[in-house]
């Protein structure tokens, strides 16, 4: 497997270098992005840095006026974070568990992903971290729940705790200040596993609904639409009746979700399709409309048709154009609303954890960014909060940003780094 990974890196590096010539000189970012014409890659660009982690006091680079420290370390592929009302911090530790490779490309991709620590044996647990003295570093760690199936999203309503496993939403009873859950839980909703496996959760402002992001199985419905039924969507679970339905669709891989508090509008970040070029199409941040269709797999950025896919003209005509482009293949996963006053120098806006690209000649993402908001919508270019996760030559990843949330003190951000196996804490300097 290591030999395949090295060979893939050599071939992929050569292909990526070739494709740098003539690649876009700008990123497709903002409300009206310049999206280059699609260029079918055939053999997809496969370029991913080797996961190294942080050594000898090396930490991410902060924006001016900020500082960063490790809130928790020694985790096993931390992906998502939930802060409980008492200040306890829950971390979902899980990763993709690859199935048997079917093609040479599958072998190459899996070998590369293993070198990047993106696939492997999943810890399948949620741990609880407690910072009792409030110094910004957790002193205690407990196993909150284990033996799950790729747990990810978490939500608490009163004494009911909801966990988003890859195959469904599970409900547990929760006792305030408890450091663990008991029992096996009750499965409320069934989701199809595999493919884009993460299942993020968020509670509605009135605490009566839970929304779940369910990604597609494949890149562009490569195995047909039947197996994609119920996927590439955001689901809504009614807490009282325990009935669930698709709330919005055509979202290839909607992961992080957040509420814009003034209008109480749901927003999400979406990972778009691969194989059409470095900046085509861009990942995006968008508001989510009930019953809305956002194009996948037939089109992108509204009605731009992907002619690799058997078409449905009626759905393309209905496709909603996203609100804000985030650049091609940035793998924007984490999302939270950050109110003005949380970090010095930053107003209201969305914070986004960009896991980082693999399907482009020059890597993108590998940052924690901020998108300012005014009047309920993005109002300017993104700003870096944390960077420096990638070596200058793009060969080494020290870390990869994933989930992000406001810290218990409301004056910090917590961000999961699944290569560094760290939860970083960002505050004013």
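Quick note: the coordinates plus some simple rules give every number you see, no bench work behind them. All figures in this text were calculated on a predicted structure; none of them were measured in a lab. Virtual Cβ from ideal backbone geometry, glycine too; neighbours counted across all protein chains shown.
Nearest 500 deg cm²/dmol is fine: what mean residue ellipticity at 222 nm does the chain get from its DSSP H runs of n ≥ 4 alone, each adding -39,500 (n - 2.57), divided by its residue count? When only DSSP H runs of four or more count, the value is -2500 deg cm²/dmol. Expressed in units of 2.2 N^0.38 Å, where N is the residue count, the Cα radius of gyration of the chain is 0.92. Starting from the Cα of residue 384, step 7 Å along the direction of its Cβ; do the same at residue 312; then give the gap between the two resulting points in nm. That separation, rounded to one decimal, is 4.1 nm. A viscosity of 1.567 mPa s and a temperature of 4 °C, combined with the Kirkwood radius over Cα pairs in Stokes-Einstein, give a translational diffusion coefficient for region 287-350 of 92 µm²/s.
With neighbours defined as other Cβ atoms within 10 Å of a residue's Cβ, the residues 112, 330 order from fewest to most as 112, 330. Rounded to the nearest 0.05, the FRET efficiency derived from the C-beta distance between residue 223 and residue 188 at R0 = 25 Å is 0.40.
Please work out the Cα center distance from region 372-429 to region 79-143, rounded to the nearest Å. Going from one Cα centre to the other spans 16 Å. Oblate is the label for region 284-416, because the ratio a/c of its alpha-carbon gyration tensor axes (a ≥ b ≥ c) is 1.5 or higher and a/b is not greater than b/c. Relative contact order for region 272-319: 29 percent, from Cα pairs under 8 Å spaced at least 6 residues apart, divided by residue count.
As a proxy for reagent exposure, ranking 237, 66 by other Cβ atoms within 10 Å from fewest up yields 66, 237. With the cut-off at under 15 Å, measuring from each backbone N in region 319-350 to a point 7 Å along the Cα-to-Cβ line of residue 265 picks out 320-325, 337, 349-350. Taking 0.36 nm per residue of sequence separation and removing the Cα-Cα distance, the residue 173/residue 39 pair yields an extension gain of 43.1 nm. Give me the percent of DSSP beta bridges within region 95-221 that run antiparallel, rounded to the nearest 5. If I count the DSSP bridges inside region 95-221, around 95 percent turn out antiparallel.
Between residue 391 and residue 321, the distance separating the two model label sites (each 7 Å from Cα on the Cα→Cβ line) works out to 4.2 nm. As a calculated quantity, the FRET efficiency between residue 25 and residue 289 at R0 = 35 Å, using C-beta atoms, amounts to about 0.55. Listed by Cβ neighbour count within 10 Å, with the fewest neighbours leading, 198, 208 appear as 208, 198.
Spin-label model, residue 137 to residue 73: label points 7 Å out along the Cα-to-beta-carbon direction sit 0.9 nm apart. In region 273-382, Cα pairs under 8 Å separated by at least six residues give a relative contact order of 22 percent.
Extension gain for residue 157-residue 50 works out to 34.5 nm (0.36 nm per residue, less the C-alpha to C-alpha distance).
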